[in-house]
């Protein structure tokens, strides 16, 4: 069968396409790529997993393959956050890492995320080489030539993280927080660093459940009702959440308001420029709110627009060209950090902004809107049934003059098709890299116009 890497690695349904043998085939191809690109004996390869079903078993099989190819395998103990693996690659000067995670996908999914020596998700030119090298035959290897040893990523990762956050201010604020681990890998990481700083933290869903409560481990607004209830009933400072592999974030303000990723990215861009005095640029994906553009313009920061996929933002992090890079899908990183999404970092920065400014995130947003104006953003998904899939490529290749009665002023094809209309309105249609659907993103200055844009996009796609 053909194996294809998407936006963030290869993902498939367990026992359907995600099988032991296919794991062997992918691991063999990755090891072959690393050996060809950087031939050396005793290369370090980190292998870890999140809390999904059979993660440890898949990791062990990959470790055996890699050791047989001469790699020094550091096999992570316990379920490990994606950003902790990224840090380990860089700090240990490893050749890369295989991370068994399907991130926020439903529990029946498993995946392999391959990160290169810089700690960033592999770029398309790399994954294309790996795909081409995957053989159809069964693969089996006995441990020989290399080695396998256990590795605990947590201590050094948390130490590094503590050096990048104003934990003194957080500690002195005596804030009270609730953390929803969503049965994922953030437990024992995010709550620990806050407790070590003397904060009061109530952690919920902090045990391993491979079904993630029977739903996707995604910290979106519709998945954090329990967290919101804790914040409101206990009058807490903030509610924070991370997804299955802790690279995405969710935030509940003290009044129960869900702070969207688009909003937090804009607030933190403003906060970091203010508190750190950084003057580098700021990056957002093509699907992310232009509110970031307005903050960047007011602060005199260069704006970078990237395709969807954090690997593209990661390149700018590595080049030290931006103070923050973010995606509307709840991923961000900052200057001096790793070229990978870090939900733990994002939650800590949200807490820092609240404590240092002594202002809720909602109040900070209101103040920001007074300066740069308010934008409403949203997205919907259109399932790819046979009819839609058959004509999708042709549909997205068209160049209409208008959609839903709105004149198109510019078409952006950096990733998917983005239609820019008069004023602040825009709409993006993009096939998902991980699920069989087309996502439609839109933004306007009013909720009514936003809803009309999204519906116009759906109608255009299905007509």
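Quick notes
- Given their separation in residues at 0.36 nm each and the Cα-Cα distance between them, residue 446 and residue 356 gain 29.3 nm when the chain is fully extended.
- Going from the residue with the fewest nearby Cβ atoms within 10 Å to the one with the most, 52, 228, 176 rank 176, 228, 52.
- Ranking of 396, 365 by count of other Cβ atoms within 10 Å, fewest first: 396, 365
- For the chain, relative contact order (Cα pairs under 8 Å, six or more residues apart, normalised by length) works out to 13 percent.
- Interatomic Cα distance distribution for the range 214-266, bins of 10 angstrom, percent: 27, 55, 19, 0
- Under the criterion of Cα pairs below 8 Å and six or more residues apart, the relative contact order for the range 86-213 equals 19 percent.
- Each principal axis of the Cα atoms in the range 164-372 has its own extent, and those three values, largest first, are 42, 35, 28 angstrom.
- The range 164-372, relative contact order in percent, only Cα pairs under 8 angstrom and at least six apart counted: 20 percent
- Residue exposure sequence - 427, 437 - by fewest surrounding Cβ within 10 Å: 437, 427
- Protection proxy ranking of 243-255, 297-309, by the mean of other Cβ atoms within 10 Å over each peptide's residues and highest first, is 243-255, 297-309.
- Directionally averaged projected area (convex hull, Cα atoms, the range 196-237), nm²: 4.0 nm²
- Averaging the Cα positions of each part gives two centres, and for the range 289-326 and the range 225-275 these lie 21 Å apart.
- Centroid-to-centroid separation of the range 105-135 and the range 331-349 [C-alpha atoms, Å]: 20 Å
- Mean residue ellipticity (222 nm) of the chain, computed from DSSP H runs ≥ 4 via -39,500 (n - 2.57), nearest 500: -11500 deg cm²/dmol
- Antiparallel DSSP beta bridges within the range 174-284, as percent of all bridges there, nearest 5: 40 percent
- At 1.306 mPa s and 10 °C, Stokes D of the chain from Kirkwood alpha-carbon radius, µm² per second: 70 µm²/s
- DSSP assigns beta bridges within the chain; of those with both partners inside it, close to 60 percent run antiparallel.
- Taking a ≥ b ≥ c as the square roots of the Cα gyration tensor eigenvalues, the range 1-140 comes out rounded, since a/c falls below 1.5.
- Shape index of the range 99-244: Rg/Rh, with Rg the Cα radius of gyration and Rh the Kirkwood radius from the inverse mean 1/r over Cα pairs, equals 1.06.
- Length released on extending from residue 394 to residue 422, taking residue separation times 0.36 nm less the Cα-Cα span: 7.5 nm
Every read-out reported here was derived from the displayed coordinates using simple, explicitly stated rules and does not represent laboratory data. None of the values given here were measured: they were computed from a predicted structure. Backbone-built Cβ (ideal geometry, glycine too); neighbour counts: all protein chains shown.
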